[in-house]
């Protein structure tokens, strides 16, 4: 039906019945079309929605699809979605650009990439980021909670030296040993699952440049060492699963003898990965019956009549399902008391020094006593000779 224009020219125009009939006729034609239209606050497209733009060799807004949003302060924000130049559809890249901030962002709940993922800025994810091969980032890769995990036969983490770019350092686990590897010297540090650490040397910082209130130790180190208990023991399997019989100290005893040589135990928490049933939202399609009003044949705007019918349309709903997922849970654990072996070594050296001094003093006293005894014997011999 062609558009029906109501004549409003003075002095008469269309009579009221004629004008109302035109309105009713146009409403009757538009009403069925509005039945399947999008609501103002959104809607669902049941089929494929195609939007086309003329071909262009320019990367500009003339061939971008824009999304507009009005902010709380009345400002209008725009995001453009466009394609970068390329030799064909497979060579093009989709670009999401926030016009107001100039930032390029791409946010998804989950994504799979079969090729290389490169980022000039930050790559952030609230969940795990999995890469089957190498992931390269021009900036830092940061994890706020769950850490960075490397799996597989070649798993590990490699860093290049900041100054000597020819040097690289790698961390990996081979069997039961965690290793730090240098491309020049090979394995330079190893830690077993039992906690045994191996390296060419261990050198605690001990420079005078980092110490204040330096004084010679005047305590009786010899007596302190005598009070320290040396025991033979096995570790509890829940702490470290080794069968080796060990000789060592008790941290509680060391703390009683020399408090600064042992730290208090620490109660803390750790995140461990476990499988739990969690609620997961899924978008599902369901058939929904809707009432549709269709104008009767030979529709009379003066007496509009419609045929009521029920049609089935497909709509999306959110369905919550229980699924097994790997999640991180906090578990409490305790870091046991330790023993500062550097202080034990210092007490041992001091004890040796104190014993050495006592031995020297005893040797000097003995020498004086022997000399005095020899003099007394000589005098006795002289007296005996005189008589």
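Worth pointing out:
- Considering residues of region 306-320 that are loosely packed, with under 13 Cβ neighbours inside 10 Å and farther than 30 Å from residue 281 by Cβ only, the residue farthest from the chain's Cα centre (by Cα): 307
- Matching residues in region 168-183 - criterion: being surrounded by 10 or more Cβ atoms within 10 Å (Cβ to Cβ), out of contact with any strand residue (DSSP E or B) (no Cβ under 7 Å at 6 or more places or on another chain) and more than 25 Å from residue 336 (Cβ to Cβ): 174
- Flag for residue 339 being touching a helix residue (DSSP H, G or I) at 6+ places or on another chain (Cβ under 7 Å), part of a loop (DSSP other than H, G, I, E, B) and surrounded by 14 or more Cβ atoms within 10 Å (Cβ to Cβ): yes
- Checked across region 324-332, the condition of being outside any helix (DSSP H, G or I), in contact with a strand residue (DSSP E or B) (Cβ under 7 Å, 6 or more places away or on another chain), under 30 Å from residue 26 (Cα atoms) and free of Cβ contacts under 8 Å to residues at least 60 places away in the same chain holds for no residue.
- Among the residues of region 258-273, those that are modelled with pLDDT of 85 or more and part of a strand (DSSP E or B) comprise 266, 267, 268, 269.
- Remark: residue 56 falls outside the filter, which requires a residue to be over 19 Å from residue 297 (Cα atoms), at pLDDT below 75 and in a helix (DSSP H, G or I).
- Residue 279 being in the same structural domain as residue 320 (by TED's automatic domain parsing), over 37 Å from the mean Cα position of the chain (by Cα) and touching a residue at least 12 places away in the same chain (Cβ under 8 Å): no
- Scanning region 249-263 for residues that are touching a residue at least 40 places away in the same chain (Cβ under 8 Å) and surrounded by fewer than 11 Cβ atoms within 10 Å (Cβ to Cβ) gives a single hit, 260.
Yes/no matrix, rows are residues, columns are (1) within 30 Å of residue 169 (Cα to Cα); (2) touching a helix residue (DSSP H, G or I) at 6+ places or on another chain (Cβ under 6 Å); (3) not assigned by TED's automatic domain parsing to the domain that holds residue 174:
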residue: 185; (1), (2), (3): yes, no, no
residue: 199; (1), (2), (3): yes, no, no
residue: 218; (1), (2), (3): no, no, yes
residue: 224; (1), (2), (3): no, yes, yes
residue: 227; (1), (2), (3): no, yes, yes
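- Here is the figure for region 286-305: residues that are under 13 Å from residue 32 (Cβ atoms) and surrounded by 11 or more Cβ atoms within 10 Å (Cβ to Cβ) total 8.
The values are calculated or read from the model by the stated rules, or taken from the named source; none is laboratory data. These figures come from a predicted structure and were not determined experimentally. Using ideal geometry, Cβ is built from the backbone for each residue, glycine included, and neighbour counts are taken over all protein chains shown.
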